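I have placed the structure first, in the form of structure tokens, so that the comments after it can refer back to it.
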Amino acid sequence: MFRKGILFVISGPSGVGKGTIIDSVISNFSDLNLSVSVTTREPRANEIDGREYFFVPVSKFQQMVADGELLEWAKVYDNFYGTPRQMVLDHLKSNQDILLELDIQGALKVKKTMPNAVFIFIAPPSFEDLMQRIEKRGKDSQSSIETRMKSYESEMQYMEYYDYVVINENLNIAISVVSAIITAERCRYNNILR
Ligand code: 5GP
């Protein structure tokens with residue numbers, strides 16, 4: 001018996017620990033692919049072109065949008081981000097799973113075009129907990145922290161559009177829960193190819 005490829009989408013407020021959870025989940029499943037997005041944001045220290053993102057100028061991004069090369073795209077905190085369409089479709093066509101980390105606007109767009117995708121929202125235990133994490137990771141400028149704080153309330157309101165909500169109170173538990181969701185979705189009768 002074979003399985004259909006599943007598209008998993010993970011979102012959550014900035015700083016909630018999505019990246020750490022995703023890195024561990026990807027290393028738990030050798031047969032789960034991670035999509036690499038295109039962005040116009042500047043690379044952070046330690047980020048490598050083609051690994052975290054494909055870093056492109058705005059003109060190139062706009063060309064990709066015009067040419068229909070992106071499955072979805074959104075402007076997040078003054079930068080553009082988008083998912084290369086072909087890579088996702090190729091994986092699904094060959095019955096392989098692929099995971100996308102998207103902001104909420106992007107996730108809602110994918111929900112319309114790919115209704116069978118599985119949507120997972122990572123939430124913090126509280127706003128205070130989230131703020132502590134963002135300050136501790138020290139990756140963001142003060143103005144960027146303030147923008148992200150302002151987005152928190154509205155982002156949390158979109159939780160209802162997701163299939164699963166995972167609260168990242170304890171990192172190891174959150175990783176296990178996301179892994180369990182992936183395993184359970186793989187066992188769904190509708191995902192078996194007969
Ligand atoms: P960061 O700049 O911190 O890497 O990401 C900022 C936000 O952009 C995060 O919420 C992340 O989930 C989102 N993001 C990353 N790649 C994409 C993408 O391809 N499409 C959309 N819509 N959002 C993305």
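Enumerate the pairs (first residue in region 66-85 and under 14 Å from L99 (Cα atoms) and hydrophobic (A, V, I, L, M, F, W, C); second residue anywhere and modelled with pLDDT of 95 or more and near the ligand (Cβ under 6 Å from one of its atoms)) with beta-carbon separation below 8 Å, excluding pairs fewer than 6 apart on the same chain, so at least 6 apart or on different chains.
L71/G82; L71/T83
Answer yes if at least one residue in region 64-75 is more than 9 Å from the ligand (Cβ to nearest atom), over 30 Å from N191 (Cβ atoms) and open to solvent by less than 60 Å² (accessible area, probe 1.4 Å), and no otherwise.
yes
I need the full set of residues from region 7-40 which are within 28 Å of P125 (Cβ to Cβ), of a type outside the set (G, A, S) and part of a loop (DSSP other than H, G, I, E, B), in order please.
P13, V16, F29
Test V58 against the stated conditions and say whether it is aliphatic (A, V, I, L, M) and open to solvent by less than 50 Å² (accessible area, probe 1.4 Å). Outline the logic, then answer.
Working: aliphatic (A, V, I, L, M): yes; open to solvent by less than 50 Å² (accessible area, probe 1.4 Å): no.
No; evaluated as a whole, the condition is false for this residue.
Counting only residues that are near the ligand (Cβ under 7 Å from one of its atoms) and of a type outside the set (S, T, Y), which one in region 76-91 is surrounded by the most Cβ atoms within 10 Å (Cβ to Cβ)?
G82
If E42 passes every condition in (1) in contact with a Gly (Cβ under 7 Å, 6 or more places away or on another chain); (2) within 30 Å of D129 (Cβ to Cβ) but one, which one does it miss?
(1)
Would you pick out the residues in region 96-140 that are exposed (fewer than 14 other Cβ atoms within 10 Å of the Cβ), away from the ligand (no atom under 12 Å from the Cβ) and over 18 Å from V166 (Cα atoms)?
K112, T113, P115, N116, Q132, E135, K136, G138
Please give the strands (runs of 3 or more DSSP E) falling wholly within region 60-143 in which 1 or more residues are in contact with a His (Cβ under 7 Å, 6 or more places away or on another chain).
Result: 97-101.
Looking only at residues that are charged (D, E, K, R) and within 13 Å of the ligand (Cβ to nearest atom) in region 24-56, which one is farthest from I182 (Cα to Cα)?
Residue satisfying both the conditions and the ranking: E42.
Among the candidates E155, E146, which residue alone is open to solvent by 20 Å² or more (accessible area, probe 1.4 Å), part of a helix (DSSP H, G or I) and touching a residue at least 40 places away in the same chain (Cβ under 8 Å)?
Result of the check over E155, E146: E155.
The values are calculated or read from the model by the stated rules, or taken from the named source; none is laboratory data. Remember, it's a predicted structure, so these values are computed and weren't measured experimentally. As a convention, Cβ positions derive from the backbone with ideal geometry for all residues, glycine included, and neighbour counts pool all protein chains shown. These area figures cover heavy atoms from the full protein model, side chains too; ligands, DNA and RNA do not enter into them. Shrake-Rupley method; radii C 1.70, N 1.55, O 1.52, S 1.80 Å.
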